[in-house]
C-alpha cells in the first residue's frame with residue numbers, strides 16, 4: 001500500500017475578525033504567507049472583507065452544520081472537504097480527522113467559530129511550532145498542531 005504525505009496544520013480560533021487580523025499580521029511578520037494560511041468564519045461582511053485582504057481574492061461560500069452560512073479560503077478547506085466533498089454535510093467536528101486532529105478538537109473549533117470566532121490554520125510542517133507560538137501569543141484560542149496526521 002502506497003503512503004501519501006499528509007499536510008500538517010496548526011490551528012487556532014480568534015474571538016473575532018479584529019483579533020484574527022492581529023494574529024495574521026503577526027504570522028506575516030514571522031514569514032508565513034497567504035499561500036500557507038486558511039481562514040474560516042461565519043459569513044459576515046466584515047469576514048468577507050478580511051478574507052479578501054488576506055488572500056487578495058474573495059472567500060469561498062460554505063454552508064456548514066453549526067456555523068450555517070460560512071466563508072473560507074485555503075488548503076484546510078479542501079482537506080476537510082475530503083474526497084467525498086462532504087464538509088457541508090458532516091461539519092468541522094466530523095471532518096477534522098482529515099487534518100490530523102481528534103474529533104473533540106474539531107468540536108471545540110466548530111463551537112468557537114459558531115460563536116463568531118475566526119479559525120486560522122497554517123500549513124507549514126517545518127515551522128509548525130513557530131506558527132503555534134504566534135497563534136497562542138496573539139489570542140488564537142485552543143491553538144494546536146495536528147499531530148495525529150497519518151495515525152488515525
Item to check | Cα centroid separation - the range 21-38 against the range 99-125, whole Å | outcome: 17
Item to check | Shape box of the range 9-145 [Cα atoms, principal axes, largest first, Å] | outcome: 36, 31, 24
Checklist outcome for this item: Computed, not fitted: 222 nm per-residue ellipticity of the chain from DSSP H runs ≥ 4 (each -39500 (n - 2.57)), nearest 500, equal to -12000 deg cm²/dmol
Item to check | Longest to shortest principal axis, alpha-carbon extents of the range 1-88, angstrom | outcome: 45, 32, 22
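Read-outs throughout are calculated quantities, based only on the coordinates presented, and are distinct from any laboratory measurement. The model shown is predicted, which means the values in this text are computed figures rather than measured ones.
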